[in-house]
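Peer 1: Okay, handing you the structure first.
Readers should treat all values here as calculations from the given coordinates under stated rules, not as data from a laboratory. Since we're looking at a predicted model, the values are computed, not measured. Backbone-built Cβ (ideal geometry, glycine too); neighbour counts: all protein chains shown.
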Amino acid sequence: MMMAMIFFITLLNFKLILLCFASCTIPLSERLADSRPNIVLIMADDMGWGDVGANWPNTRDTPFLDYLASISMRLPDYHSGASVCSVSRAALLTGRLTPRTGVWQNFASTALGGLPTNETIISELLKTVGYATAIHGKWHLGHQPPFHPSYRGFDEYVGIPYSIDMGCTDNPGFNYPPVKACPKDPPLFFEQKHEHADDVKNVIEADLTVGIPLYQCLTPHCPDNNCNKEIIEQPVNLSTLTQSYIDNDRRFIRRSIEANKPFFLYLPLSHMHVPHDYAQQFKNTSILPSIYGVPNIYGDTLRELDYHVNQTYQLLQNLGILNQTLLIFTSDNGPWSSKCDLAGNQGPFTGIWQQLPFSSGGGGGGGTAKFTTWEAGHRIPFIAHWPGMIKGGTISNAIGSHLDLMPTIAYLAGFTLPLNRSFDGIDLSPVLFDGSNQGHEYLFHPDMLGHLSAVRYNQYKAYYTTYPAIDGACGGKEGMIMHHKPPLIFDLSRDLAESTPIIVSQSVYDAIDQALHEKLNDIASTPHTQADYRIGGLDARACCDAGHIVCRCTD
């Protein structure tokens, strides 16, 4: 009897060991399929790769982000889907490149259209698997129904519809050139019957004078399809905007927990876009003085952004849900270099070749960050945190992209990507959870016209077209558009500054040409859309009270 018992226990232990061995050899990324974590996606605006101290040690105004990076995974070779606001956001939310979505430039403050409604976005798909969804921040993909966030799978929307320089405020903050405060005008009623969509004069007047609106839409869809009824503050107070977002973050997350629902909180912040303004507590808190010898307005703004991320993290920790939450921090594109000391840090990605004079075989000058396909335009910070799932203090050399968030979230949340279209991202789960360094072999970068004119191939960066930022660099507009055949190629493993083009083997040229050709053929042969970029008149504004030329709803 005793021998039989010993044999039984031994057999049981052996089975347990086999079971443990089998489960432990299954990659963590596979075990996390359909895990349905909470997802908090924080995206800064116009933030430089070098603005995060963990990326660039000369930066000291992101103490919490640096700490977060030390307990998370950082991808130094991560890229936006484009180097300008609307285009980058469309790529992130759809997982599709510009030629597929038709979004190739920013939408105006009087835009009639937005991200095409037949493009499915992350929030819409998360709703199909039971997620609560919210966006607190800048949308910039259309503010008229049906393009407004309340019609795109978000249970609630608190934020502004476009960039904070696309209108006026009562306290305009810091920008170049300096901006004026909204006029304290009396009511001025317009004859709407004389309004025409092509009334350019009225459109220009509206864009220059409309107050920046703050929406608070706490239910899907707007009353009577009129989202202007949901504007709670116009013009918005930029110095209190961060705290407003933090308060709404807290309310939404707590409500989601009470409803026992996983949640998706998308936080596309207005920092670090000009004009810069922030709460009084952050004034003169920047450690590093400006290189221009003036108070570091940018550094103070960066401090408030860092505070917001800290507050979000602390909320998740205090509520005991950090272990069930994937927290991602990134930016929409690189810094707006023409803003001088009010712009972010490009780090080592200075685009030297573009700045060389024509006589030296260069591009003739100009900005090499936002608006361009140079590295600083689209290489951005990326930090991913999930305790127990993502190993802390790790750095992956995988090439990642905003395009990857859609397939990665689909895998974790358990929704199926639409089968009737092509996607351009990859599932980053093996990188995040298994320590893989296998990211994109090829990555395609759209230029200011929406064409895929730059291609990343492993360590190589190929330019079929080079050009400077459309508004030049700090100090003036220079440079010109130049086409290259064969493409201009840099080796980023040795030349992050993109200073010296190299000659590569014919096989490398052929591989890049073939990859681009196949991508363009796939785009042409599969469903793709065109965005409506028409602009309306004064009645197309996001406006709480059309009786005021600046749409003032608070005094």
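Peer 1: Using the Karplus equation 6.51 cos²θ - 1.76 cosθ + 1.60 (θ = phi - 60°), what ³J(HN,Hα) coupling, rounded to whole Hz, does each residue of region 45-57 give in order, writing x for Gly and Pro?
Peer 2: So the J values, rounded to whole Hz, are 10, 6, 8, x, 4, x, 6, 9, x, 5, 8, 9, x.
Peer 1: How far apart, in nm, are the 7 Å Cα→Cβ label points at Y533 and H483?
Peer 2: 1.9
Peer 1: A further question follows. For the chain, what is the percent of antiparallel DSSP beta bridges, rounded to the nearest 5?
Peer 2: 55
Peer 1: Please list 407-420, 137-150 highest first by mean number of surrounding beta-carbon atoms within 10 Å per residue.
Peer 2: Going by the mean number of other Cβ atoms within 10 Å, highest first, we get 137-150, 407-420.
Peer 1: Also, I was wondering about something else. Would you mind computing, in nm to one decimal, how far apart the modelled labels at Q281 and R254 are, each placed 7 Å from Cα along Cα→Cβ?
Peer 2: With each label placed 7 Å out from Cα toward Cβ, I get 1.7 nm.
Peer 1: Per-residue counts of other Cβ atoms within 10 Å, averaged by peptide: what ranking do you get for 173-180, 235-242, 109-116, highest first?
Peer 2: Descending packing order for the listed peptides: 109-116, 235-242, 173-180.
Peer 1: Can you work out the Karplus-derived ³J(HN,Hα) for every residue in region 448-465? Use 6.51 cos²θ - 1.76 cosθ + 1.60 with θ = phi - 60°, whole Hz, and x for glycine or proline.
Peer 2: Per-residue couplings from phi come out as 5, 9, x, 8, 7, 9, 9, 10, 9, 10, 6, 7, 9, 10, 10, 10, 7, 9 Hz.
Peer 1: Then there's this: Report the semi-axes of the equivalent ellipsoid for region 268-361 in whole Å, largest first, where each axis is √(5λ) for an eigenvalue λ of the Cα gyration tensor.
Peer 2: Listed largest to smallest, the semi-axes of region 268-361 are 32, 19, 10 Å.
Peer 1: Here is a further query. So if a site counts as exposed when it's one of the GluC sites (Glu not before Pro), its DSSP state isn't H, G, I, E or B, and it has at most 14 other Cβ atoms within 10 Å, what's the longest stretch of the chain without one?
Peer 2: 196-440
Peer 1: Take N420 and E441, extend 7 Å from each Cα along the Cα→Cβ direction, and tell me the distance between the two endpoints in nm.
Peer 2: Those two pseudo-labels are separated by 3.1 nm.
Peer 1: With θ set to phi - 60° and the Karplus curve 6.51 cos²θ - 1.76 cosθ + 1.60, what are the ³J(HN,Hα) couplings of region 407-415 in order, to the nearest whole Hz, using x for Gly and Pro?
Peer 2: Values per residue, Gly and Pro as x: x, 5, 5, 4, 5, 6, 8, x, 9 Hz.
Peer 1: Among residues other than L488 whose Cβ falls under 10 Å from its Cβ, what is the net charge (Lys/Arg +1, Asp/Glu -1)?
Peer 2: Around L488, the surrounding residues sum to +1.
Peer 1: Among S123, S436, P487, which residue has its Cα positioned farthest towards the positive end of the charge dipole of region 33-540, with +1 placed on the Cβ of Lys and Arg, -1 on the Cβ of Asp and Glu, and the dipole taken about the Cα centre?
Peer 2: Positive-most Cα among the choices belongs to S436.
Peer 1: Taking the Cβ of P116 as the centre, find all other residues whose Cβ is under 14 Å away and add up their charges (Lys, Arg: +1; Asp, Glu: -1).
Peer 2: Here the charged neighbours net out to +3.
Peer 1: Right, something else. When the Cα atoms of the chain are enclosed in a convex hull and the volume is divided per residue, what value in Å³ results?
Peer 2: Spelled out: Cα convex hull of the chain, divided by residues, is 182 Å³.
Peer 1: How much net charge surrounds D522 when only the other residues with a Cβ under 13 Å from the Cβ of D522 are counted, with Lys and Arg +1 and Asp and Glu -1?
Peer 2: Here the charged neighbours net out to +2.
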